[in-house]
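The values are calculated or read from the model by the stated rules, or taken from the named source; none is laboratory data. The structure displayed is predicted, hence computed values, not measured ones. Cβ placement follows ideal geometry from the backbone for every residue including glycine, while neighbour counts extend to all protein chains displayed.
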Amino acid sequence: MQKFTEFADELRFVFVESDRWKWLIEGLGNTLKITAVSLIIGIVIGIVIASIRSSFDKNQETMKKRGGVGYNLLSALNSISKVYLWVIRGTPVVVQLLILYFIILQSVSNGVAVAMVCFGLNSGAYVAEIFRSGIMSVDEGQFEAGRSLGFNYLQTMRHIIIPQAFKTVLPTLCNEFIVLIKETSIAGYVGIMDLTKAGDLIRGRTFKAFLPLIAVALIYLALVTVLTWATGKLERRLRRNER
Amino acid sequence: MKKKILSIVSLVLIAVVAVSVFAACGNNNADTTKKLTMATNAAFPPYEYKDGDDFAGIDVEIAGKLAEKLGMELEIIDTEFGSIVGGVETGKYDMGMAGMTVTEERLKSVNFSTSYAKGVQSVIVLENSEYKSYEDFYTGYDADGDPTGVIEGLKIGVQQDTTGDIYSSDVPKKWGFGEESVIRYKTGADAVSALVAGKVTAVIIDNEPAKSYVAANEGLKILDTTYVEEDYAICVAKENTELLENINKALAELTADGTIPAIIEKYIPSK
């Protein structure tokens, strides 16, 4: 019993006193905002880059023979995409965040916005490769079949390749989103109050490590659990037509 | 047969590893001098900072003399400022020494030695700033002379968990600027970079590191009016009263024989 009241006292001290729980709410809000927006940015960038890279890979030979502006343009876009992937995947996201915050987006004083751009750009690189791997994994015969049915390149992509590719990449994509949620925990580096920083702050003020850290861990776990459940459900629905 | 040999060989290997590990532990325990672990945040010049691979600064030198007096071997552990008090409380470190001010919150968790140095919280702003004093950050004062609110868009950069953070994130009524006006950075240097980049209006930090930052960055100045004045002390776990007594005794001796004043003078010349 005494142990229990002690625990209740510590709970009250750590979270209730000075309204410290409000930091967690604010932090959770920022974490969700940053994750949601960077997820969208990431997917948009991912789609664009993956389309460029896979169309180049698929059509390189035929287009090269034909030559012309189209080939040069696609080839240039492909090179730019490659540089983007190289830089983003080749540097730690913390460093990218610091560079964006202190150097490139110096004039933007809203830290949360900088974090959204940063994590969006970062996630885009990984999502692009995930999408591309999905597109390339669909058997070449599917593509040929589409073309023989009279679909043009884009129609074949839209009606035959992409739907199959999407199903293949869904688990990997879900994995990327989980990584993204947790990756936002470094936002505290640039003074943003995210979930991790909120726990950190409570720890700094109360000098108790256990409760704030466990609370933060549980909240992340809950977020990821919801996300995993949702993608699992989507996966099952998409598999229905396979029967 | 082969299996048997394999299992014997692996058993022998495990035994060898286990013995050598225990032996290594034994060696450590056999050390004659006891260790005095000091937790600090070595990003706070001139009190503590990294000088090449070594630590330097007022706290580091005083701790060295302190360990000498106590007949112990000093071990410095560089950690985040916010983790020091918690680590000392749980006995992870023997003492915390990081230009740390005695506050009521901290006293709930640890004991503090007598003060060995005085600290002043200063306000750093851009050189062309229109602000003359931190009082300019308030919009008005009530009948008692307490601030009623802060100017719009005010952002104060601080190092997380430092006294500058604690004081300035309090409500205006208590001479803070309010939670929403404070941006907390991991280090003082980050806060200053944010000021240079124009992301915050001012940085509130201890005067001595403030001077180093202003010297290192062009276009910054320290306001003449200081924000808060405070005493620095060493924190020790509540149960460890023996160490606290010894530290206090040693500090008194080191102050009396002029060692501590000389160390402070070395880093902060009084002109």
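Can you confirm whether the stretch A:200-210 contains a residue that is within 20 Å of residue A:93 (Cβ to Cβ), surrounded by 14 or more Cβ atoms within 10 Å (Cβ to Cβ) and within 14 Å of chain B (Cβ to nearest Cβ)? Yes, that holds for at least one residue. Selection of the stretch A:185-234 for residues being in contact with a Lys or Arg (Cβ under 8 Å, 6 or more places away or on another chain), hydrophobic (A, V, I, L, M, F, W, C) and over 30 Å from residue B:110 (Cα atoms) yields A:187, A:224.
Residue under question is residue B:203, and the condition is that it be at pLDDT 95 or above and either closer than 27 Å to residue B:160 by Cα or not assigned by TED's automatic domain parsing to the domain that holds residue B:65 (or both); does it hold? Yes: the conditions hold for residue B:203.
Of all the criteria given as (1) in contact with a Lys or Arg (Cβ under 9 Å, 6 or more places away or on another chain); (2) in the same structural domain as residue B:56 (by TED's automatic domain parsing); (3) surrounded by fewer than 17 Cβ atoms within 10 Å (Cβ to Cβ); (4) not basic (Lys, Arg), the one not satisfied by residue B:110 is (3). Is one or more of the residues making up the stretch B:150-162 hydroxyl-bearing (Ser, Thr, Tyr), at the interface with chain A (Cβ under 10 Å from one of its Cβ atoms), within 21 Å of the chain's Cα centre (by Cα) and within 24 Å of residue B:58 (Cβ to Cβ)? Yes, the conditions are met somewhere in the stretch B:150-162. Answer yes or no: is there a residue in the stretch B:245-254 that is touching a Gly at 6+ places or on another chain (Cβ under 7 Å), within 25 Å of residue B:37 (Cβ to Cβ) and in the same structural domain as residue B:66 (by TED's automatic domain parsing). No, the conditions are met nowhere in the stretch B:245-254.
Cβ separations smaller than 8 Å between residues 6+ apart or across chains give no pair from the stretch B:251-271 residues that are closer than 17 Å to residue B:68 by Cα to residues that are among the basic types (Lys, Arg) and modelled with pLDDT under 90. Among the conditions (1) touching a strand residue (DSSP E or B) at 6+ places or on another chain (Cβ under 9 Å); (2) away from chain A (no Cβ under 14 Å), residue B:126 misses just one, which is (2).
When you scan the stretch B:239-262, do you find a residue that is crowded, with 16+ Cβ neighbours inside 10 Å and within 14 Å of another protein chain (Cβ to nearest Cβ), even just one? No: zero hits. Within the stretch A:65-114, the only residue that satisfies the criterion of being in contact with a helix residue (DSSP H, G or I) (Cβ under 6 Å, 6 or more places away or on another chain), among the β-branched types (Val, Ile, Thr), without any contact (Cβ under 8 Å) to a residue 60 or more places away in the chain and within 14 Å of another protein chain (Cβ to nearest Cβ) is A:108.
Checking A:238, A:213 one by one, the residue that is within 14 Å of chain B (Cβ to nearest Cβ), in contact (Cβ under 8 Å) with a residue 12 or more places away in the chain and not charged (D, E, K, R) is A:213 and no other.
Restricting attention to the stretch B:164-188, the residues being over 18 Å from residue A:199 (Cα atoms) and either part of a strand (DSSP E or B) or in contact with a Gly (Cβ under 8 Å, 6 or more places away or on another chain) (or both) number 5.
Of the candidates B:86, B:96, the single residue that is closer than 24 Å to residue B:268 by Cα, within 12 Å of chain A (Cβ to nearest Cβ) and at pLDDT 90 or above is B:96.
Restricting A:17, A:26 to residues that are of a type in the set (D, E, K, R) and surrounded by fewer than 15 Cβ atoms within 10 Å (Cβ to Cβ) narrows the list to A:17. Does residue A:69 qualify as being among the hydrophobic types (A, V, I, L, M, F, W, C) and over 18 Å from the mean Cα position of the chain (by Cα)? The answer is yes for residue A:69.
Whenever a residue of the stretch A:148-167 is on the phi < 0 side of the Ramachandran plot, its partners that are among the hydrophobic types (A, V, I, L, M, F, W, C) and assigned to a helix (DSSP H, G or I), lying with C-beta atoms within less than 7 angstrom and at least six residues away or across chains, give the pairs A:156/A:143; A:161/A:135; A:161/A:143; A:165/A:135; A:167/A:238.
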